[in-house]
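The values are calculated or read from the model by the stated rules, or taken from the named source; none is laboratory data. Computed from a predicted structure; not experimentally measured. Here the Cβ is made from the backbone with ideal geometry for all residues, glycine too, and neighbour counts use every protein chain on show.
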Amino acid sequence: MKAVVIYEAGGPEVLKVEERPIPKPKPGWVLIRIKAFGLNRSELFTRRGNSPNVKFPRILGIEVEDAPSGEFEKGTVVATAMGDMGRAFDGGYAEYTTVPAKQVQPLRTTLPWATLGACAEMFQTAYGSLFRALDLQKSDTLLVRGGTTSIGLAATGLAKNLGCKVIATSRSAGKKDFLLSKGVDEVMVDSGSIAKDVKQLTNGAGVNKVLELVGTTSLLDSLQCVAPGGIVCMTGIVGNSWALPEFSPMEAIPTGVKLTAYSGGPEDFMNTPLQQLVEQIEAGKLEVHVGKTFGIDEIVEAHTVMEANKAGGKVVVLT
């Protein structure tokens, strides 16, 4: 089988396409023939060497879509994500992988592989952030910091289906019409400091909930955007900064504002109603924003595009 192997940390060029034996599943695991996998920024950080617990060589990849054998009937369409894929054991950057059966969801769907390949981790993250971390309610006004990201667009769709008002940010004024066409109510150009503008837009009150996808580079400002009793959920790291150099909670967090995070895991993935979300996609009630698709031999280009934030949606690799 073809597999993408990383032997040392570095730029996209360290990803090497090789021939590897098809892995054999252990008891309680399944063998999956991979048809599509999405790229995730956590894999970018691992590739750079920022995941200290990951030992090289390793096949990266934290999400997979296709049909397994073993615990499931052969030919069953499935999705899996997280659970130490691409970290403690080899992940989905390959034509086959093995994963624990307890972190696999079977799906009934006719969606094309490129669309399905964008769903698992993207909707797990968006759904978990909104409904587990932020406890999003119909009456809420949600600020999506990083609105043009794949997760930002997925979160907007979920929030609008619930009935929320959504404010979304982009660093580019040219993305305003695009975001409005995706259901966003208000678009703000993100200068890195938008708290005053958010307060002005909300008549001084602030928003109820913030989904922080840019990361630590804008987190402190996001905390100032929230009304008392509101919540900020730190989920994404599009700003490519892993940690705050200095953090003084008493100064950074306004009285009554809550700060939480969502990283997801196999239990979170299995608690995501992926079948229901797939059915909503098929019915046209949710939109999947696939930015660019690549073949497995184009993995270096795919990572280059993801790192430069030039995909315009989810990056998906078809095998």
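Could you list, in sequence order, the residues of region 240-254 that are of a type in the set (A, V, I, L, M, F, W, C), farther than 21 Å from residue 122 by Cα and either in a loop (DSSP other than H, G, I, E, B) or touching a His at 6+ places or on another chain (Cβ under 8 Å) (or both)?
Of everything in region 240-254, those that are of a type in the set (A, V, I, L, M, F, W, C), farther than 21 Å from residue 122 by Cα and either in a loop (DSSP other than H, G, I, E, B) or touching a His at 6+ places or on another chain (Cβ under 8 Å) (or both) turn out to be 243, 244, 247, 253.
Across region 20-62, which residue is modelled with the lowest pLDDT among those that are within 25 Å of residue 318 (Cβ to Cβ) and of a type in the set (Phe, Trp, Tyr)?
45
So if I check each of 252, 227, which one is surrounded by fewer than 20 Cβ atoms within 10 Å (Cβ to Cβ) and at pLDDT below 95?
252
Identify the residue in region 167-208 that is part of a helix (DSSP H, G or I) and polar (S, T, N, Q) and, among all such residues, is farthest from residue 125 (Cα to Cα).
200
Would you mind telling me which numbered condition in (1) touching a helix residue (DSSP H, G or I) at 6+ places or on another chain (Cβ under 9 Å); (2) within 19 Å of residue 242 (Cβ to Cβ); (3) crowded, with 18+ Cβ neighbours inside 10 Å; (4) not basic (Lys, Arg) residue 11 fails?
Of (1) touching a helix residue (DSSP H, G or I) at 6+ places or on another chain (Cβ under 9 Å); (2) within 19 Å of residue 242 (Cβ to Cβ); (3) crowded, with 18+ Cβ neighbours inside 10 Å; (4) not basic (Lys, Arg), only one is false for residue 11: (3).
Give me a count of the residues in region 209-239 that are part of a strand (DSSP E or B) and on the phi < 0 side of the Ramachandran plot.
Number of matching residues: 12.
Of all residues in region 234-249, how many are surrounded by 13 or more Cβ atoms within 10 Å (Cβ to Cβ) and of a type outside the set (Val, Ile, Thr)?
So the answer is 6.
May I ask you to verify whether residue 116 is under 15 Å from residue 260 (Cα atoms) and buried (at least 21 other Cβ atoms within 10 Å of the Cβ)?
no
Considering only region 77-95, how many residues are surrounded by fewer than 24 Cβ atoms within 10 Å (Cβ to Cβ) and touching a Leu at 6+ places or on another chain (Cβ under 8 Å)?
2
For region 148-162: of the residues being touching a helix residue (DSSP H, G or I) at 6+ places or on another chain (Cβ under 9 Å) and free of Cβ contacts under 8 Å to residues at least 60 places away in the same chain, which is surrounded by the fewest Cβ atoms within 10 Å (Cβ to Cβ)?
For region 148-162, the residue satisfying everything is 162.
Filter region 187-207 down to the residues that are surrounded by 16 or more Cβ atoms within 10 Å (Cβ to Cβ), out of contact with any Asp or Glu (no Cβ under 8 Å at 6 or more places or on another chain) and under 13 Å from residue 146 (Cα atoms) and list them by number.
Residues satisfying the conditions are 187, 190.
Is it true that residue 229 is outside the structural domain of residue 43 (by TED's automatic domain parsing) and more than 23 Å from the chain's Cα centre (by Cα)?
So residue 229 passes the test.
Which residue pairs have Cβ atoms under 7 Å apart, sit 6 or more places apart or on different chains, and have a first residue in region 297-309 that is under 10 Å from residue 12 (Cα atoms) and a second that is surrounded by fewer than 20 Cβ atoms within 10 Å (Cβ to Cβ) and of a type in the set (Asp, Glu)?
Listed by first residue and then by second, the contacts come to 300/13.
How many of the residues making up region 242-284 are of a type in the set (Asp, Glu) and either within 16 Å of the chain's Cα centre (by Cα) or under 30 Å from residue 105 (Cβ atoms) (or both)?
Selection size over region 242-284: 4.
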